[in-house]
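Novice: What follows is a single structure, and I will ask about it in a moment.
All of the numbers you see were taken from the coordinates with simple rules; none came from a lab. Here the structure is a predicted model, which is why all the values come from computation and not from measurement. Please note: Cβ atoms are built from the backbone with ideal geometry, for glycine as well, and neighbour counts cover all protein chains shown.
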Amino acid sequence: MYDIIVVGSGIAGSTFAAKISKFAKTLIIEAREKDQIPKTTNVFPLHNRPFIQEVDWEDKQIFPNLHMKTNYKGYNVDGIINTEEFGAPLGNMTYLEELIKKFLQICEDQGCTVKNGERVNKISRKNNCIEVYTSEGKLYQSKVLVISTGSHSFELQKSLGFEAPRSYTGVFTHLYGNEEKIKENCEYNYIYHVNPSISKKGPLFINRGVERVEVGYLGNSSETPERILLKFDRILKNYKLIQPYIEGLKSKSKPIVVKISKHALKKFTQDRVLILGEAGGLVTDFFYEGTLCGVASADIAAKTLKPLLESESNFTHNELIEYETVLKRILLNKYFKNGNASEYLFFNAGKSLKILWDTYTKLISISQRLRRDIWEAYRIQDIENYNLSGTKWAGESLFKMLPTLTKISLGPKFIRALFK
Ligand SMILES: Cc1cc2nc3c(=O)[nH]c(=O)nc-3n(C[C@H](O)[C@H](O)[C@H](O)COP(=O)(O)OP(=O)(O)OC[C@H]3O[C@@H](n4cnc5c(N)ncnc54)[C@H](O)[C@@H]3O)c2cc1C
């Protein structure tokens, strides 16, 4: 019997297991083989750091470069957040596959068992434990089960009575070149651009690592994978706004179509069971920050479970509810509201989306206050006390700058967004 079984070792499951396996007999079951963790180049803001004490921030294999410059790319004017203006980086860029490998190494060093290439296909509840069945025909038992399966296994959480978050599709690929060429093409570590013809519910983005950039878009809900791949190919070849940044870079493999889920669940705990990361819809609206949510939910879950393991608890819902309460207090009650209000406003703007986005990027370019607020949002170390007055001020300033007709059509949405 294990103390804890973790199903899924993406960023949420691997961070959690690295924290808890010091104190508990832990088993990780991961459907992918060890060498199949997909390569991803992610924006990793400084506000993620309080939730991770286990890694070396100078490790260039994991954090290839600092995040110095972001471009909220408009059609006419770019909204640029340049670290030089405020004196400190926005955080890091990370190769997420390397961060996950590091956490799994820590787990193994602490005596945790990792089963790769096994898919959990059934979970059942017994009086004093949880039983987990896998594709290999194996049965494992544990006192606590942690579901961190991302958007890949909603049927498992549903079988236990949890809900599933809303799911969207995205696509991404890596393009490669030598570092001088990549820097010559693109001075920004991160480009975020909104175009309703590409996606009505998410951005087109470029994340710059070293000798590689990740390009993709998120938030589609209606297109088939085949159509998404064809459209993405056209964007990479023809979309004028991004051509200078990717010119001369080469791809080495086919783009990958992925699911991404957001809109946090209402409940994350039951007797003996917790849900972490994207499986719980823990990805911010509008900005699609999933790594913050993965590492924060992992840290909060580990801190909840440690004293319960020491007191040989029965891990009842009443005892585990602390995880849910703290998760809501730290992540959902304030920080999530920023993305929530932005998503409501931008991705419900219909035909006015382009003009709204263009006005927003213009506002960033002229307002040092907004640039500073964005810079601070990346860097805040105490996310629980995120100050929403900046979001409100940005909304009001944006509204004032809109053309009269757009003001009339979007007025009610601005008012509702204020109360999000
Ligand atoms: C293209 C793209 C770009 C992104 N960029 C950023 C970014 O720059 N910054 C940021 O903060 N966020 C970003 N995100 C979001 C973020 O990467 C994800 O939300 C986050 O990585 C999810 O982590 P997770 O551990 O919850 O889930 P996952 O990474 O999906 O991990 C779940 C794991 O569970 C395993 N699994 C699933 N089902 C089973 C099963 N039945 N049995 C065993 N194993 C199972 C899977 O194989 C997988 O390894 C991006 C997302 C996408 C799609």
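Novice: Please compute, for the alpha-carbon atoms of the stretch 337-417, the extent along each of the three principal axes and give them in descending order in Å.
Specialist: For the stretch 337-417, the Cα extents along the three principal axes come out at 40, 25, 16 Å.
Novice: Could you let me know the centre-to-centre spacing of the stretch 72-126 and the stretch 234-298, using Cα atoms, in angstrom?
Specialist: So the separation of the two Cα centres works out to 10 Å.
Novice: Now a separate question. Give a residue-ordered list of calculated ³J(HN,Hα) values for the stretch 68-78 (Karplus: 6.51 cos²θ - 1.76 cosθ + 1.60, θ = phi - 60°; whole Hz; x for Gly, Pro).
Specialist: 9, 9, 10, 10, 7, 7, x, 7, 10, 10, 8
Novice: Around Val273, which amide H atoms from residues at least 5 apart in sequence, or from another chain, sit under 5 Å from its own amide H, with H modelled in the peptide plane?
Specialist: Here Leu145 satisfy the definition.
Novice: Just rank Glu211, Glu136, fewest to most, by other beta-carbon atoms within 10 angstrom. Please list the in-between numbers first.
Specialist: Working: Glu211 15, Glu136 12.
Ascending number of Cβ neighbours within 10 Å: Glu136, Glu211.
Novice: Return Tyr360, Tyr75, Tyr386 ranked ascending by Cβ neighbour count within 10 Å, so the fewest neighbours appear first.
Specialist: Details: Tyr360 24, Tyr75 15, Tyr386 20.
Starting with the residue having the fewest Cβ neighbours, the order is Tyr75, Tyr386, Tyr360.
Novice: While we're looking at this one, here's another question. Could you tell me what percent of the DSSP beta bridges with both partners in the chain are antiparallel, to the nearest 5? List each step's numbers first, then the result.
Specialist: Values: 49 of 69 bridges.
Antiparallel: roughly 70 percent of the beta bridges in the chain.
Novice: Rounded, prolate or oblate, given the Cα gyration tensor of the chain, with a/c below 1.5 counting as rounded? Write down the numbers at each step before the final one.
Specialist: On the way: a/c = 1.79, a/b = 1.51, b/c = 1.18.
Prolate shape, in that a/c is at least 1.5 and a/b is the bigger ratio.
Novice: What's the angle, to the nearest 10 degrees (0 to 90), between helix 317-327's Cα axis and the longest principal axis of the chain?
Specialist: Approximately 20 degrees, to the nearest 10.
Novice: Next question, about the same structure. Take the alpha-carbon centre of the stretch 347-410, take the same for the stretch 147-212, and report the distance between them in whole Å.
Specialist: A separation of 22 Å, based on Cα centres.
Novice: Also: Label-point separation (nm) for Glu163 and Ser313, each offset 7 Å from Cα along Cα-to-Cβ?
Specialist: Once both label points are built, they end up 2.5 nm from each other.
Novice: Largest first and in whole Å, give the semi-axes of the stretch 168-257's equivalent ellipsoid, each being the square root of 5 times a Cα gyration tensor eigenvalue.
Specialist: Over the Cα atoms of the stretch 168-257, the semi-axes work out to 22, 13, 11 Å.
Novice: A follow-up question, please. How large is ³J(HN,Hα) for each residue in the stretch 54-66, as worked out from phi by the Karplus curve 6.51 cos²θ - 1.76 cosθ + 1.60 (θ = phi - 60°), to whole Hz, x for Gly and Pro?
Specialist: Once rounded to whole Hz, the list reads 8, 10, 8, 5, 8, 6, 6, 5, 8, 10, x, 8, 7.
Novice: Please order Trp357, Trp393 by the number of other Cβ within 10 Å, starting at the fewest. Let's see the in-between values first.
Specialist: Working: Trp357 22, Trp393 14.
If I rank by nearby Cβ atoms, fewest first, I get Trp393, Trp357.
Novice: Can you tell me the 0 to 90 degree angle between the C-alpha axis of helix 353-366 and the longest principal axis of the chain, rounded to 10?
Specialist: 80
Novice: Please compute the Cα-Cα pair-distance distribution of the stretch 23-65 with 10 Å bins starting at 0, giving whole percents from short to long.
Specialist: Bins of 10 Å from zero give 18, 37, 41, 4 percent of pairs.
Novice: Calculated FRET efficiency, Asp56 and Arg369, Cβ-Cβ r, R0 35 Å, to nearest 0.05? Intermediate values should be presented prior to the final figure.
Specialist: Numbers: r = 35 Å, r/R0 = 1.01.
So the FRET efficiency works out to roughly 0.50.
Novice: Give the angle, between 0 and 90 degrees and rounded to the nearest 10, that separates the Cα long axis of helix 11-20 from the longest principal axis of the Cα atoms of the chain.
Specialist: Tilt relative to the chain: about 40 degrees.
Novice: While we're looking at this one, here's another question. Under a Cβ-Cβ limit of 4.7 Å, which cysteines in the chain have nobody to pair with?
Specialist: Cys129, Cys186, Cys293
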